[in-house]
1. With N set to the residue count of region 12-163, report its C-alpha Rg divided by 2.2 N^0.38 Å to two decimal places.
2. Between residue 30 and residue 124, take the C-beta separation as r, use R0 = 22 Å, and let me know the FRET efficiency to the nearest 0.05.
3. Viscosity 1.306 mPa s, temperature 10 °C: what is the translational diffusion coefficient of region 1-82 from Stokes-Einstein with a Kirkwood Rh over Cα pairs, rounded to a whole number of µm²/s?
4. Could you go through region 15-30 in sequence order and give the Karplus-derived ³J(HN,Hα) for each residue, using 6.51 cos²θ - 1.76 cosθ + 1.60 with θ = phi - 60°, rounded to whole Hz, and x for Gly and Pro?
5. Considering the options 138, 5, 120, tell which one lies farthest towards the positive end of the dipole of the chain, charges being +1 on Lys and Arg and -1 on Asp and Glu at the Cβ, about the Cα centre.
6. Give me the dipole magnitude in Debye, nearest 20, for the chain about the Cα centre, with unit charges on the beta carbon: positive for Lys and Arg, negative for Asp and Glu.
Amino acid sequence: MIGRHSLELALPGASIGAAAGAMAGGLTLLAGQPTGMAALSALALSVPLGLFGGLYGVLLGHGVFRPGTFGPVGLFWMVAFPVSRLVQESLAGVGMADGVLPFLAYQAMVALGFAIGFVWLHERLMPHWLMRRAGANPEAKALLGQYIKHAQALQATRKGSRR
């Protein structure tokens, strides 16, 4: 069972995912859909993206992912994003004209772009969150230590390349 400390690690990723889903609902509104349909679309995408974003934070805290890496995270989102879009399309969409498999294949390609943005934003928010939580959360303190080691390695690499 996931404890409170792990759930605290999930908060930044869950927030990013939920916000991304809400923005997609706003785009649905701009595309001319009725307000109710845009709200349903936003909710239908915000919930799964928020859950997967939170899961990413928990997995990061448990060492499945490492700060500063993209490959495994890209694969994670190549599964998570299409599933999230499938949930949204099933609840709020007008159907998948070409079928489920072509829809999922296209969403897997789009997922890499989403993953880049997600990781970029997460890497900027998570260390600040960890600094706030490290005193009361040993998992946050350990993950913050990984971020610090990663930053030190990057700094050493940059200093070495300047010589």
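1. Ratio of Rg to 2.2 N^0.38 Å for region 12-163: 1.21.
2. Numbers: r = 27 Å, r/R0 = 1.21.
The calculated FRET efficiency here is 0.25.
3. The estimated diffusion coefficient comes to 118 µm²/s.
4. For region 15-30, the Karplus-derived couplings read 5, 5, x, 5, 5, 5, x, 5, 5, 4, x, x, 5, 4, 5, 5 Hz, x marking Gly and Pro.
5. 138
6. In total the dipole reaches around 1000 debye.
No lab work stands behind these numbers, since they all come straight from the coordinates. Every value quoted in this text rests on a predicted model; they were computed, and no experiment measured them. Ideal geometry is used to build each Cβ from the backbone, glycine not excepted, and the neighbour counts take in all protein chains shown.
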